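S.K.: Sharing a structure below in structure tokens format, with a few things to ask.
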Amino acid sequence: VLEAAVSVDRSEVLSADSCRSARRRVSELRGKPVEVKDLLGNLTARRALQPGEVLTWSNVEAEKLVRSGETVRMMLESANGGLSISTAGLARSNGAMGDSVAVVNPTSGREVRGVVVGPRLVKVAF
């Protein structure tokens, strides 16, 4: 399992330097443990973590790349890939990489759903 190697503040992105491998009994775990491969994505602490604390999915989460209320870039792409349009939109929900989020086109007022593909970047298929 992985544990915090140093103190980690709430919402801080975890890095390889802030974690270390440890041996624990299954009976000691409280929740599904985070694995080394999970660190390849950006994980943040849901709350402050102390050195030696086991990293589980109850105390870490995928970093939110889109936040409700912020301006995002919407990449609107046709299903066959023949047409692509980019415009600004207003996020209506939070999302990590691969999450579906609601975005409003400020010009038309129309709400669409798209997939988070990067920081403040949402792909919308049409």
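The values are calculated or read from the model by the stated rules, or taken from the named source; none is laboratory data. Keep in mind the model is a prediction, meaning the values are calculated, not measured. Methodologically, a virtual Cβ is constructed for each residue, glycine included, from the backbone with ideal geometry; neighbour enumeration extends over all protein chains shown. Each accessible area value is taken on the protein alone, full model and side chains, heavy atoms only, with ligands, DNA and RNA left out. Shrake-Rupley method; radii C 1.70, N 1.55, O 1.52, S 1.80 Å.
S.K.: Restricting attention to segment 83-102, and to residues there that are without any contact (Cβ under 8 Å) to a residue 12 or more places away in the chain and part of a strand (DSSP E or B), which single residue is least open to solvent (accessible area, probe 1.4 Å)?
M.R.: Filtering first and then ranking leaves A102.
S.K.: Right, next: Look through N105, N80 and report the one residue that is loosely packed, with under 13 Cβ neighbours inside 10 Å, farther than 23 Å from T44 by Cα and not basic (K, R). Talk me through it step by step, then tell me what you get.
M.R.: Details: N105 fails: loosely packed, with under 13 Cβ neighbours inside 10 Å.
Selected residue: N80, the only one of N105, N80 that is loosely packed, with under 13 Cβ neighbours inside 10 Å, farther than 23 Å from T44 by Cα and not basic (K, R).
S.K.: When you check L40 against the structure, is it in contact with a Phe, Trp or Tyr (Cβ under 9 Å, 6 or more places away or on another chain), open to solvent by 30 Å² or more (accessible area, probe 1.4 Å) and not charged (D, E, K, R), yes or no?
M.R.: no
S.K.: Here is a further query. Scanning segment 83-126 for residues that are among the hydroxyl-bearing types (S, T, Y) and under 16 Å from the mean Cα position of the chain (by Cα), which turns out farthest from K64 (Cα to Cα)?
M.R.: S100
S.K.: Determine whether segment 78-87 contains at least one residue that is hydroxyl-bearing (S, T, Y), farther than 16 Å from L2 by Cα, touching a Lys or Arg at 6+ places or on another chain (Cβ under 7 Å) and at pLDDT 95 or above.
M.R.: no
S.K.: Condition first: open to solvent by 60 Å² or more (accessible area, probe 1.4 Å), of a type outside the set (S, T, N, Q) and more than 16 Å from A96 (Cβ to Cβ). Now tell me which residues in segment 11-36 satisfy that.
M.R.: A16, D17, R20, R23, R24, R25, V26, E28, R30, K32, E35, V36
S.K.: Would you confirm whether or not segment 52-64 contains a residue that is of a type outside the set (S, T, Y), open to solvent by 100 Å² or more (accessible area, probe 1.4 Å), at pLDDT below 90 and closer than 28 Å to V103 by Cα? Even if it seems obvious, please write down each step before you answer.
M.R.: Here is the first cut: in segment 52-64, the residues of a type outside the set (S, T, Y) are 52-55, 57, 59-64.
Filter once more, keeping what is open to solvent by 100 Å² or more (accessible area, probe 1.4 Å): none.
No, there is no match, as no residue in segment 52-64 is of a type outside the set (S, T, Y), open to solvent by 100 Å² or more (accessible area, probe 1.4 Å), at pLDDT below 90 and closer than 28 Å to V103 by Cα.
S.K.: Answer yes or no as to whether E70 is over 27 Å from E3 (Cβ atoms), open to solvent by 40 Å² or more (accessible area, probe 1.4 Å) and of a type in the set (D, E).
M.R.: So E70 passes the test.
S.K.: Another question, if that's okay. Quick one: G98 ticks every box in (1) modelled with pLDDT under 95; (2) within 23 Å of S11 (Cβ to Cβ); (3) in contact with an Asp or Glu (Cβ under 8 Å, 6 or more places away or on another chain) bar one, so which box is it?
M.R.: It fails just one condition, (3).
S.K.: Now for a different question. Return yes or no: is A102 at negative phi and touching a Phe, Trp or Tyr at 6+ places or on another chain (Cβ under 9 Å)?
M.R.: No, not satisfied.
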